[in-house]
Amino acid sequence: MATLHDTLLPLCRKLIGALALFAPAVMAADEPPPFSPPGSFTDLGHFAHEDGATLFRAICQGCHMADAKGAVGAGYYPALAGNQKLASATYPALVVLKGRHGMPPFGDYLTDAQVAEVVNYVRSHFGNQYPDALTQAEVAKLR
Amino acid sequence: MRHVQNPLSISRRDLLRKIGFSAGAAMMYQAMSTLGFARESDYGGPIELSGAPKGTSILILGAGMAGLVAAYELRRAGYDVKVLEYNHRAGGRSWTLRGGDEYTELGGHKQKCEFDPGLYVNPGPWRIPYHHHGMLDYARRLKVPLEAFNQVNFNAYLHSSKDFGGKPQRYRHIYADYHGHIAELLSKAVNKGQLDAELTTEDKERLLESLRTFGVLDKDYRYVKSFATSESRGYDSERGAGLMPPPQLSTPIARDALLKSGLANYMVTPFDYDLTPSMFQPVGGMDRIAMALYNDVAPLVELDAKVTAIDQDERGVGVTYVDAHRGGEAKHARADWCLCTIPLSILSEIPVKVGEPMLAAIQSAPYEASVKFGLQFKRRFWEEDERIYGGISFTDLPIQMIGYPMAGMNQGGKGVLLGGYVWGTNAYEFNAMTPEQRIRKAVESGAKIHPQYPAEFENGVVVSWHRSPFTQGCFANWSDAAREKHYQNLCQIDGRIALAGEHASRLPAWQEGAVLSSLDTIGRMHKKIVATA
């Protein structure tokens, strides 16, 4: 499978490689907390943004919502806001890398540095105030 | 090098279907067979369920294709059937959006579809391969008319925003020129004796002869501008009659520019087992088959029922549910047996009393991201201006595809395009936007392929599957390792509960997977019921 993957991924990046600029969004008046996408689309196969806040807005808020309070339908997306499970940085890092239940793994879409960035962002925002920061090297060990 | 568990697991589907096309048909087929994507449907004709013990009740959870097929067949077999469905409609992902339909996604953004009468978009499945015998048989038995689904259109576009000045290229040009260039190259190698170790003299002659036909080469085995190649790739001006001017020959795209663009890599479509002709769609929208089943079992189905717990003991199954929209008091349903077709993305968040092996399986299926757009335009400019009737254009822009309607071709009037069908990272990025933002982006992207977009666009709807309240994703994208570990456990009958749906099939994401899973499971459940009666 490695051969197939090696063949496909560079090709995929080449074909879907447009970094199309996106005009600033105009919000509807009655919207809940505004979604502010980062303003660009990345190469298919890998997310380009480097900082945690932008990565959150490009990926996480789609399901966990812009206020990180999650959403409820037939099932639910858990809130990241004030979430006790974030006490250890390892847990969210593992969930991002490997997925959990229906949540897909993002390990192949994100570098170690990006995973650390987005985990640190979530653990220091939305009512979470964990002072310890996850490092790139620590993420690498979790892969 | 970092350890990657399964390099293909994340964007396997988009890689295989849309991008990994250069790997070659044989290699693709091998890869897809390994992944469980390329198996022919095992449908064995209408299911026979005789001898159901009188008064035996079966509770079905979910009224998508799997649940509806089960309800239809089990009721006919004489079982006492009840169905609980979360949505205010049946069909699940076998779904069509038409004018007047409303859809509220997770996050609360509500869309109202404003399409004109007769126009629609299928936000879920939109095509049925000829070898999906179960789907085709239900369409035939329920008298749902089908029409051709035109997967490959040689006059549609292949588009690279970075090549040919961003100008979309006709599929027929890329197709003819790629074949011409590789035939010329291979002929050169043969004529220079570079393949002498591989080929006998006779085989060399046979190969050269076939390459001349295959690549439309001239007498010197060159692929050049000529009447012959224009007959293959098309003329620059059409052939007329009488005293009309003679046609202008077209000029093949240079080999280096063609290779640099990578556009030839999109051409696997004709070689993809799941996408080869003939393909079909129900006349009027994909939900017609699900609706035909639903019409037969509607009195058995309770809509707006959100399942909150699934319990069982040695005597039967108890399901707790609430009104999906108003909440309120818990309601209870009890039956002797239960067929649960709830997607695993949802089921993994509901307490369900099954053994550890099945529970672990329920919790191990990541649900893929995907986004689909339906965009209504004032006129069918793709037909009127560009002579594109049905089929699909592919692009490297985030929308990835534009699908042209197969219904109402050449009749004029308004039309609805599939304004994007998005997988992989771009699907997550669209998912992180509001519907308005997504649609604006889709129109902006599409305008780079069809400049008529801004002037002709009227309204649109978009379904981002991770925002879907009833599935939280598009389909169960099992990794090979997870499937290996959990699939058998997922498909067992655990006490009095069994699961069914595309997630319990080797045809992931296809309706046929849901149909076959349903039939296989109710067949085994019926046997068990009869044996233990």
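Where a number appears in this text, it was derived from the coordinates with a stated rule and is not lab data. In this text, all values refer to a predicted model and were calculated from it rather than measured experimentally. For neighbour counting, all protein chains shown are included, and Cβ atoms are generated from backbone atoms with ideal geometry for every residue, glycine included.
What percentage of all Cα-Cα pairs in region B:345-430 are separated by more than 17 Å? In whole percent, the long-distance tail amounts to 60.
Treating r as the C-beta distance of B:H131 and B:L259 and R0 as 41 Å, the FRET efficiency rounds to 0.75.
For the pair B:D80 and B:E198 in one chain, pulling the backbone fully straight at 0.36 nm per residue adds 35.8 nm over the alpha carbon distance. Segment B:E102..B:Y235, full-extension length gain: 43.3 nm, with 0.36 nm per residue of separation and the alpha-carbon distance subtracted. Separation of region B:249-300 and region B:163-194, taken as the distance between their Cα centroids, equals 24 angstrom. Most simply put, the protein assembly as shown has about 75% antiparallel DSSP beta bridges, counting only bridges with both residues inside it. A convex hull fitted around the alpha carbon atoms of region B:232-357 yields 301 Å³ per residue. Among B:M244, A:M103, B:M433, a tally of other beta-carbon atoms within 10 Å of each Cβ gives an order, fewest to most, of B:M244, A:M103, B:M433.
Computed from the Cβ-Cβ distance with R0 of 60 Å, the FRET efficiency linking A:Q136 to B:L243 stands at 0.20.
Against the empirical curve 2.2 N^0.38 Å, the C-alpha radius of gyration of region A:33-143 lands at a ratio of 1.00. When B:I362, B:I402, B:I493 are arranged by Cβ crowding within 10 Å, least crowded first, meaning fewest neighbours, the order is B:I493, B:I362, B:I402.
Enclosing the Cα atoms of region B:50-144 in their convex hull gives a volume equal to 128 cubic angstrom per residue.
For region B:139-212, pairs of C-alpha atoms spaced more than 18 angstrom apart make up 63 percent of the total. For region B:479-496, 3J(HN,Hα) computed residue by residue from phi via the Karplus equation (6.51, -1.76, 1.60; θ = phi - 60°) reads 6, 4, 5, 5, 5, 4, 7, 10, 4, 4, 5, 5, 8, 6, 9, 9, x, 10 Hz, glycine and proline entered as x.
For region B:381-432, the ratio of Cα radius of gyration to the globular rule of thumb 2.2 N^0.38 Å stands at 1.30. Backbone phi angles across region B:77-83, fed through the Karplus curve with coefficients 6.51, -1.76 and 1.60 (θ = phi - 60°), yield HN-Hα couplings of 6, x, 7, 8, 10, 9, 10 Hz in residue order; Gly and Pro are listed as x. Derived scalar couplings between HN and Hα for region B:371-382 equal 9, 10, 10, x, 10, 8, 10, 5, 8, 8, 5, 5 Hz in order, rounded to whole Hz, by the Karplus curve 6.51 cos²θ - 1.76 cosθ + 1.60 (θ = phi - 60°), x for Gly and Pro. Note on the protein assembly as shown: Cα-Cα pairs beyond 42 Å make up 29% of the total pair count. How large is the helix-only mean residue ellipticity at 222 nm for chain B, computed as the sum of -39500 (n - 2.57) over DSSP H runs with n ≥ 4, divided by its residue count, in deg cm²/dmol to the nearest 500? For chain B, the value works out to -9000 deg cm²/dmol. Rounded if a/c is under 1.5, else prolate if a/b is larger than b/c, else oblate: which is region B:184-285, with a ≥ b ≥ c the root eigenvalues of its Cα gyration tensor? Oblate shape, in that a/c is at least 1.5 and b/c is the bigger or equal ratio. For the segment B:391-402, counting C-beta atoms of other chains within 10 Å of every residue's C-beta and taking the mean gives 3. Amide H contacts under 5 Å for B:T56: B:D80, restricted to partners 5 or more places along the chain or on a different chain, H placed in the peptide plane at 1.01 Å from N. Gyration tensor over the Cα atoms of chain B: the corresponding equivalent ellipsoid has semi-axes (square roots of 5 times the eigenvalues, largest first) of 46, 27, 21 Å.
Kirkwood radius for region B:465-533, taken over all pairs of different Cα atoms as the inverse mean of 1/r, rounds to 13.1 Å. Okay, which of region B:163-183 sit inside 20 Å, backbone N to the point 7 Å along the Cα-Cβ direction of B:R206? Only B:183 pass the distance filter. A simple spin-label model places pseudo-atoms 7 Å from Cα toward Cβ; at B:T251 and B:A533 they are separated by 7.8 nm. Mean partner shielding of peptide A:94-106, defined as the number of other chain Cβ atoms within 10 Å of each residue Cβ, is 6. How far is it, in nm, from the label point at B:R141 to the one at A:K85 when both lie 7 Å from their Cα along the line to the Cβ? Going from the B:R141 label point to the A:K85 one covers 4.1 nm.
The amide H of B:D101, built 1.01 Å from its N in the peptide plane, has B:C113 as neighbours under 5 Å, considering only residues 5 or more places off or on other chains.
Extension gain for A:K98 to A:S124 (0.36 nm times residue separation, less C-alpha to C-alpha distance): 7.2 nm. Distance between the 7 Å Cα→Cβ label points at A:V72 and B:D304: 1.7 nm. Put simply, the amide H of B:T308, placed in the peptide plane, has neighbours under 5 Å in B:T320, B:Y321, B:V322, leaving out anything fewer than 5 places away on its chain.
Filter the cross-link list B:K260/B:K414; B:K167/B:K441; B:K82/B:K485; B:K192/B:K260; B:K112/B:K378; A:K85/B:K112 down to pairs whose alpha-carbon distance in this structure exceeds 29 Å. The answer is B:K260/B:K414; B:K82/B:K485; A:K85/B:K112.
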